[in-house]
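Trainee: Structure below; questions to follow.
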């Protein structure tokens, strides 16, 4: 088990070894996410595991947790928003395979045998953010 979340890893090696990464990831290292928050401080707790699923297909599973500072779209005040994202991605190597599996699972296209782990974490968190955040007082 490795501490920390690397910027990128070789996908085939990570899957064959059953690599696991866990640790904090500073929000400041995720520029697109940081730009959408009320405060850029803090960190996310990330756990990722590469391996094979029950059918022998490559996958990446994990969890991302933390609290993010969002701006309420009603009162415009910052508030803390709890984040919990579960990942279960099937790793694919072609757009045709990605398109074919779209209705069965959540495919992730792996290009040049590279898994950009920090970018992937950032994208998953951005997708989980509410479109129009509201604080508990304005809900």
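Nothing in this text is a laboratory measurement; each read-out follows from the coordinates by a stated rule. These numbers come from a predicted model, not from an experiment. Heads up, the Cβs are rebuilt from the backbone with ideal geometry, glycines too, and the neighbour counts pull from every protein chain shown.
Trainee: So for the stretch 33-40 (the condition being out of contact with any strand residue (DSSP E or B) (no Cβ under 6 Å at 6 or more places or on another chain), touching a residue at least 12 places away in the same chain (Cβ under 8 Å) and either within 19 Å of residue 87 (Cβ to Cβ) or crowded, with 17+ Cβ neighbours inside 10 Å (or both)), does at least one residue qualify?
Mentor: The first filter runs over the stretch 33-40 and keeps only residues out of contact with any strand residue (DSSP E or B) (no Cβ under 6 Å at 6 or more places or on another chain), leaving 33-36, 40.
Now drop any that are not touching a residue at least 12 places away in the same chain (Cβ under 8 Å), which leaves 33, 36, 40.
After this cut, where a residue has to be either within 19 Å of residue 87 (Cβ to Cβ) or crowded, with 17+ Cβ neighbours inside 10 Å (or both) as well, the list is 33.
Yes, there is a match, as at least one residue in the stretch 33-40 is out of contact with any strand residue (DSSP E or B) (no Cβ under 6 Å at 6 or more places or on another chain), touching a residue at least 12 places away in the same chain (Cβ under 8 Å) and either within 19 Å of residue 87 (Cβ to Cβ) or crowded, with 17+ Cβ neighbours inside 10 Å (or both).
Trainee: Also, quick follow-up: Quick one: which of 65, 72 is surrounded by fewer than 15 Cβ atoms within 10 Å (Cβ to Cβ) and either within 30 Å of residue 137 (Cβ to Cβ) or touching a helix residue (DSSP H, G or I) at 6+ places or on another chain (Cβ under 6 Å) (or both)?
Mentor: Step by step, each of 65, 72 is checked, and only 65 is surrounded by fewer than 15 Cβ atoms within 10 Å (Cβ to Cβ) and either within 30 Å of residue 137 (Cβ to Cβ) or touching a helix residue (DSSP H, G or I) at 6+ places or on another chain (Cβ under 6 Å) (or both).
Trainee: Being farther than 24 Å from residue 28 by Cβ, surrounded by 15 or more Cβ atoms within 10 Å (Cβ to Cβ) and in contact (Cβ under 8 Å) with a residue 40 or more places away in the chain narrows it down to one of 116, 136, 58, so name that one.
Mentor: 58
Trainee: Answer yes or no as to whether residue 22 is free of Cβ contacts under 8 Å to residues at least 60 places away in the same chain, more than 17 Å from residue 125 (Cβ to Cβ) and either under 15 Å from the mean Cα position of the chain (by Cα) or buried (at least 16 other Cβ atoms within 10 Å of the Cβ) (or both).
Mentor: Judged against the criteria, residue 22 is not a match.
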